[in-house]
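Below is one structure, written out as structure tokens; the observations come after it.
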Protein chains: 2
Amino acid sequence: MEVLEAIRSRRSIRRFKPDPVPERLLLEILDAGRWAPSGGNIQPWLFIVVKDSKTLKLVKMFSPGLFGDPPVVVAICSDRKRAREVGGKLAEEYLSIVDCAMAAQNMMLAAHALGLGSCIIKSFSAQAIRKVLKLPDHVEPELLLSLGYPDEQPQPPPRRPLEDIAFLDQYGEPLLKGGGEG
Amino acid sequence: MEVLEAIRSRRSIRRFKPDPVPERLLLEILDAGRWAPSGGNIQPWLFIVVKDSKTLKLVKMFSPGLFGDPPVVVAICSDRKRAREVGGKLAEEYLSIVDCAMAAQNMMLAAHALGLGSCIIKSFSAQAIRKVLKLPDHVEPELLLSLGYPDEQPQPPPRRPLEDIAFLDQYGEPLLKGGGEG
């Protein structure tokens, strides 16, 4: 699937078929995550692949933002200790989040290109997820990514038009005026 | 360009040709950004496209992490007020960062697919960038994205192997054992 097409046609999927995610595709998706850039090349990400049905049930119970019954949930975590040691406070407190989010976007696009659906989730109890996945103190659960074969074809939620969100050289100065080639 | 190929072959570019970025490609890249998912569909992102040479010089002066002389820098900002009003404290303080990072990853992949190079940058003085770009208090400069035709073909920095970063069902439990199909 072509990049721009994938970017525009990816949807957040909240209903999944029960079919398992083939291991080969799962590994392709994780691999896409680790090819994201990271601040200072710290690569703080850790991917905890949840497939065990009991663990999935617990994860779902503590994640109000997780919809449907995905056969796989990947907990995208950051090693905050690694981040701090290599990149200091900025890396620990900010870049860890950015790096995991960029990896997540790669993973969502890869999943989509491979015919799978996904949804990124932040609405979960970090404390509970920590316990369920046995995370040590220095590992922060940043985001959950549900994965599976989509059982819906949602319409894209409307996007704010570029006219409202893009400026030229300073805030408030419209980028789009004539709309011609530059 | 195919998605998985783009994800793996994208590099952070720190030397640019002086050629301008065609307006049509720039708009494709910004459009890719706004197709990222966002928490609660808040779409907190604002893109300030810096092309004016005096403004570029100022941005560069206050951004130690910005290398080369890109003809365009996009300041990816978040509207923290919008985020708070729609999504509360979590959106204001966390999702704003995640959403802008996911948009940034889309933009880097789109740029790469269109033959352009980019680099994501956090090492800048937020206070100075705020002044230069006349950002109101509620708009936070999250990341800078340099854009232009690449004048280098860097080797990928080594990635941590999946064996080190991927676990199964709980932290510490290796995902990769037999390496077969699941």
Exercise. What's the average, rounded to a whole number, of partner chain beta-carbon atoms within 10 Å of each residue's beta-carbon in A:155-165?
Worked result: 4
Exercise. Given the options A:Pro44, A:Pro161, A:Pro150, which has the most mean-square fluctuation in a GNM of chain A, springs set between C-alpha atoms less than 10 angstrom apart?
Worked result: A:Pro161
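Net charge within 12 Å of A:Lys177 by Cβ-Cβ distance, Lys/Arg positive one each and Asp/Glu negative one each, not counting A:Lys177 itself?
Computed value for this residue: -3.
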For this session: Whole Å is fine, so just give me how far the alpha carbon centre of segment B:132-175 lies from that of segment A:107-137.
Result: 17 Å
Exercise. Can you give the Kirkwood hydrodynamic radius for segment A:17-62, in Å, rounded to one decimal and based on Cα pairs?
Worked result: 12.8 Å
Exercise. Mind listing the phi-derived Karplus ³J(HN,Hα) values for segment B:154-162, rounded to whole Hz, using 6.51, -1.76 and 1.60 with θ = phi - 60°, and x for any glycine or proline?
Worked result: x, 6, x, x, x, 9, 5, x, 4
Seminar exercise, completed: When chain B is treated as a Gaussian network with springs between alpha carbons less than 10 Å apart, the largest mean-square fluctuation among B:Pro158, B:Pro20, B:Pro37 is found at B:Pro158
Exercise. When ranked by the protection proxy of mean other Cβ atoms within 10 Å per residue, highest first, what sequence do the peptides A:66-76, B:163-173, B:135-145 form?
Worked result: A:66-76, B:135-145, B:163-173
Exercise. Hey, how many Å between the Cα centroid of segment A:23-83 and the Cα centroid of segment A:85-104?
Worked result: 16 Å
Problem set entry | For B:Val72, residues with placed amide H under 5 Å, excluding near neighbours | B:Leu147
Problem set entry | Summed side-chain charge close to A:Glu163 - residues other than A:Glu163 whose Cβ falls under 14 Å, Lys, Arg +1, Asp, Glu -1 | +1
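Could you work out, residue by residue across B:170-177, how many beta carbons of other chains sit within 10 Å of that residue's beta carbon, and then give the average as an integer?
On the way: counts 9, 11, 5, 5, 0, 8, 3, 0.
That works out to 5 on average.
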For this session: Among A:Ala126, A:Tyr149, A:Ala83, pick out the residue whose Cα is farthest towards the positive end of the charge dipole of chain A, where Lys and Arg carry +1 and Asp and Glu carry -1 on C-beta, about the Cα centre.
Result: A:Ala126
Seminar exercise, completed: Amide H neighbours of B:Glu142 at under 5 Å, excluding residues fewer than 5 places away on the same chain, with H built from the backbone geometry, are B:Ile76, B:Cys77, B:Ser78
Exercise. Which whole number gives the average, over all residues in A:106-117, of C-beta atoms from other chains lying within 10 Å of the residue C-beta?
Worked result: 3
Seminar exercise, completed: Candidates B:Pro157, B:Pro18, B:Pro64; GNM for chain B (alpha-carbon contacts under 10 Å) flags as most fluctuating B:Pro157
Exercise. Can you tell me the Rg and Dmax of the protein assembly as shown, counting just the alpha carbons, in angstroms?
Worked result: 19.5, 59
Exercise. Residues with amide H under 5 Å of B:Gly117's amide H, sequence separation 5 or more or different chain, H placed in the peptide plane at 1.01 Å from N; which?
Worked result: B:Gly148, B:Tyr149
Problem set entry | Inter-probe distance in nm under a simple model that places probes 7 Å from Cα toward Cβ, at A:Ala126 and B:Glu173 | 2.4 nm
Exercise. Pairs A:Lys177/B:Lys81; A:Lys57/A:Lys89; A:Lys17/A:Lys89; A:Lys54/B:Lys122: which exceed 32 Å Cα-Cα?
Worked result: A:Lys57/A:Lys89; A:Lys17/A:Lys89; A:Lys54/B:Lys122
For this session: Pull out a ≥ b ≥ c, the square roots of the eigenvalues of the alpha-carbon gyration tensor of chain B, then state rounded if a/c is under 1.5, prolate if not and a/b is larger than b/c, and oblate in the remaining case.
Result: oblate
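Laboratory data are not the source of any read-out in this text; all were calculated from the coordinates shown. Everything numeric here is computed off the predicted structure, so don't read it as measured data. Here Cβ is always computed from backbone atoms with ideal geometry, including for glycine, and neighbour counts include all displayed protein chains.
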